[in-house]
Amino acid sequence: KSQLHRGGAVIGYEAPIDVMLACAEISEWAALSAVELLAGRQALALDPKQSEVGALIQRDRSPRLLALLAEARRRALPLLWDDEHVSIGEGSRSACWPRAALPDVADVPWQDLGAIPVALVTGTNGKTTSTRLLARMAREAGFRVGAASSDEISIGTQVVQNGDWTGPAAARIVLRDTGVDFAVLETARGGILRRGLAVESCDAALITNISDDHLGSYGVDDLAAMTRVKAVVADAVRPAGTVVLNAHDEKLVALASSLDRAVVFFANLDRDDPAARAVIAGARARGAPSVFAEGGKIIDDTELVVDVAAVPLTFGGAAGYNVENVVGCAAMARALGIGQDAIVRALTTFQPSDN
């Protein structure tokens, strides 16, 4: 696939995972050669690059890796790979091996491997707050949660890495920890565009909102392109999963009609936003689930969840952006099967200092 943009073009193609580095070298050589031709000069010499790429292919070719990938896909099991390790399954139902010492297919303990609940969180604003709050909800439900955000990676209540961890490397750390049985992964624009997603599928995805921050990078020149980038997480949701979208964002409301997954809208109806109110009213008329704040209360469809004033993160409702984050997290928790008691405990005990 190729796409032109203001700064040039983006070109992408599929390749066997054991020779992707060699393919990247070929792509770089081709791009640099094109630049030379456009400048009226000779293309770069092919012979030395051919030898270099051939050596990379010989070094990296791995029939065992391809055999493991094929069997994992046959069994509908997630496989994660990088330069150092390969893992099959997720969290407490995973096994991991050095890439230089992969097992034969027959030696893999397939019966012990499987998936755990995985939630992806993206958007322009509110990602880290939502990741932390959703992780708290899952912990209140009794899960041992692995979470990655722009501040840290945590396993349970322990921080294991500080820093901006919103790309696939963070996801692999969380999903290879055998103590984790629930994962919440903040997924930023930069990680998606540079490295893609670490996971091919997830159980639920939250898109908090879309704004014009960070336009102009990696061929993303306008809000329509940014919306498609953020929507990558929605494309990863399993057929039986749920996409949670902000009813205040007209771009996300439009996106919903193109998705073939269940969609849950959330909103703060105490804002003066007739369009969002119409979206929630339409969902309720169709019998579709929704979570919203209205009259100082957080409501799941027609059932009261908790008073907004009882949620410290909202500062009595004055922090309207956090009211949206709270209802979005409640919608995600519902989609992931977390009970209302755990949701309420998290909402009423999660302090601004926890954020």
### Query
For the range 92-212, with only Lys/Arg (+1) and Asp/Glu (-1) charged at the beta-carbon, what is the dipole magnitude about the Cα centre, in debye rounded to 20?
200 debye
### Task
Quick one: check the C-alpha center-to-center distance for the range 56-86 versus the range 319-340, whole angstrom.
37 Å
### Query
Taking R0 as 41 Å, what's the FRET efficiency between Tyr321 and Arg59 from their Cβ-Cβ distance, rounded to 0.05?
0.25
### Query
What 222 nm value per residue comes from the helices of the chain, counting each DSSP H run with n ≥ 4 as -39,500 (n - 2.57) and dividing by all residues, nearest 500 deg cm²/dmol?
-11500 deg cm²/dmol
### Query
Mean separation of Cα pairs under 8 Å and 6+ residues apart, divided by the residue count of the range 36-92: what relative contact order is that in percent?
15 percent
### Query
Per-residue HN-Hα couplings for the range 143-154, Karplus 6.51 cos²θ - 1.76 cosθ + 1.60 at θ = phi - 60°, whole Hz, x for Gly and Pro?
7, 8, 9, x, 9, 10, 8, 6, 10, 5, 10, 10
### Message
From Cα pairs below 8 angstrom and at least 6 apart in sequence, can you work out the relative contact order of the chain, rounded to a whole percent?
### Response
14 percent
### Task
Kindly state, to the nearest 0.05, the FRET efficiency for Asp164 paired with Asp212, given R0 = 30 Å and r defined as their beta-carbon distance.
0.90
### Task
Please state, to two decimals, what the Cα-based radius of gyration of the range 199-355 comes to when divided by 2.2 N^0.38 Å (N = residues).
1.03
### Message
Accessible area per residue for the range 207-355 in Å², computed with a 1.4 Å probe and the full protein assembly in place, what is it?
### Response
42 Å²
### Query
Using a 1.4 angstrom probe with every protein chain in place, what is the largest-first accessible-area order of Lys297, Lys49?
Lys297, Lys49
### Query
With +1 on each Lys and Arg Cβ and -1 on each Asp and Glu Cβ, how big is the dipole of the chain about its Cα centre, in debye rounded to the nearest 20?
400 debye
### Query
To the nearest 10 Å², what's Trp81's accessible area with a 1.4 Å probe?
70 Å²
### Task
Would you pull out the residues with amide H under 5 Å of Asp151's amide H, same chain only if 5 or more places away, H placed 1.01 Å from N?
Trp165
### Summary
In the structure shown, of Lys127/Lys251; Lys230/Lys297; Lys1/Lys230; Lys230/Lys251, the pairs separated by more than 22 angstrom at the C-alpha atoms are Lys230/Lys297
### Euclidean distance between Cα centres, the range 256-279 to the range 93-134, Å
30 Å
### Query
So how much slack lies between Ser2 and Arg99, counting 0.36 nm per residue of separation and subtracting their Cα-Cα distance, in nm?
31.8 nm
### Value of Rg/Rh across the range 1-137 [Cα atoms, Kirkwood radius]
1.10
### Solution diffusion estimate, µm²/s, Stokes-Einstein, the range 147-268, Kirkwood Rh from C-alpha pairs, 20 °C, viscosity 1.002 mPa s
141 µm²/s
#### Entry: Karplus 3J(HN,Hα) series, Hz, for the range 339-354 with 6.51 cos²θ - 1.76 cosθ + 1.60 (x for Gly, Pro)
x, 5, 4, 5, 4, 5, 4, 5, 4, 8, 10, 6, 9, x, 5, 6
### Query
Around Arg99, what is the net charge, scoring Lys/Arg as +1 and Asp/Glu as -1 over all other residues with Cβ under 9 Å from its Cβ?
-3
### Summary
The size of the Cβ-based charge dipole (Lys, Arg +1; Asp, Glu -1) of the range 154-264 about the Cα centre, to the nearest 20 debye, is 280 debye
#### Entry: Average Cα contact separation per residue, the range 115-163, under 8 Å, 6 or more apart, as relative contact order %
22 percent
### Summary
Among Pro168, Ser2, Leu252, the residue whose Cα sits farthest towards the positive end of the charge dipole of the chain, when +1 is placed on the Cβ of each Lys and Arg and -1 on the Cβ of each Asp and Glu, is Ser2
## Note on the structure
Once the dipole of the chain is set up from charges on Cβ (+1 Lys and Arg, -1 Asp and Glu), the residue from the list Leu223, Pro78, Asn355 lying farthest towards its positive end is Pro78
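The values are calculated or read from the model by the stated rules, or taken from the named source; none is laboratory data. The model shown is predicted, which means the values in this text are computed figures rather than measured ones. Quick reminder, even Gly has a Cβ in these numbers, built from the backbone with ideal geometry, and neighbours come from all protein chains shown. Accessible surface is based on the protein model in full, side chains and every heavy atom, while ligands, DNA and RNA are left aside. Shrake-Rupley method; radii C 1.70, N 1.55, O 1.52, S 1.80 Å.
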